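First up is the structure itself, then whatever we jot down about it.
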Amino acid sequence: MFLKFRTMKSNVETQSHERQLEELLQANRPMTKLTAAGDPKIIPGGRLLRHSGLDELPQLLNVLRGEMSLVGPRPSTVHEFNRYQRWQQERVNALPGLTGYWQVNGKNKTTFTEMMNLDIFYTRHMSLWLDLTIMAKTFPVILAQLIEIHGVRHRPDGPEESESPITHKPL
């Protein structure tokens, strides 16, 4: 059981999330969040908590109890894990983490398969240096996401910057 601050109303339907998971498993498209602005299921202030990552702050207790690590793949739901192909199950060969290789290398701009590959890369190359590098990149990535969400993403010398393709390489 992983702890989080509640960002959604209690007892809301989950079928839309399960349908989105099925689409992500089969489609080769970025994993955008289903809960967009104006989603009636999100409580006031919940969007900010989610986008800043503060909703996961209580998971520090999970880390202290040894159930999670500071760095590792994000935990999956039982429903999600049951849908993994055999090769994808390697993703859980590391403790789940508050931040991870996927989070600092594209997160919601990657496909489900790319996320799996990034998390499996991490499980195969875990080291103190890789963890420190991921932790150092986490805050700037979160800050960039918040700036992007609030539409303040500008180049220093000109107009708003366009999206560029994600490239993946080891840190």
Placed amide H near Ser69: partners under 5 Å, 5+ positions off or other chain: Gly97, Leu98
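What is the calculated FRET efficiency for Asn93 to Met1, with r their C-beta to C-beta distance and R₀ = 22 Å, to the nearest 0.05?
E(calc), rounded to 0.05, equals 0.60.
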Spin-label model distance (nm) - Leu64 vs Met135, 7 Å beyond Cα toward Cβ: 1.7
Mean separation of Cα contacts under 8 Å, 6 or more apart, over the residue count of segment 42-149: relative contact order %: 31
Spin-label pair Arg29/Thr113, simplified geometry with 7 Å Cα→Cβ offset, distance in nm: 1.6
Per-residue ³J(HN,Hα) for segment 108-116, Karplus 6.51 cos²θ - 1.76 cosθ + 1.60, θ = phi - 60°, Hz, x for Gly and Pro: 6, 9, 9, 7, 4, 5, 4, 4, 4
Label point at Lys41 placed 7 Å out along Cα→Cβ; residues across segment 63-84 whose backbone nitrogen lies under 19 Å: 75-83
Other-chain or far-sequence residues with amide H under 5 Å of Met8's (modelled H): Ile43
Likely footprinting exposure, Ile134, Ile147, fewest C-beta neighbours within 10 Å first: Ile147, Ile134
Approximate spin-label separation Arg83-Leu57, in nm, with each point projected 7 Å along Cα-to-Cβ: 3.1
Leading residue at positive end of dipole, segment 1-110 (Cβ point charges), from Pro96, Ser16, Leu57: Leu57
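The numbers here are math on the coordinates, done by the rules we state, and not lab data. Predicted model only: the values in this text are computed from it and were never measured. Neighbour counts run over all protein chains shown; Cβ positions are idealised from the backbone, glycine included.
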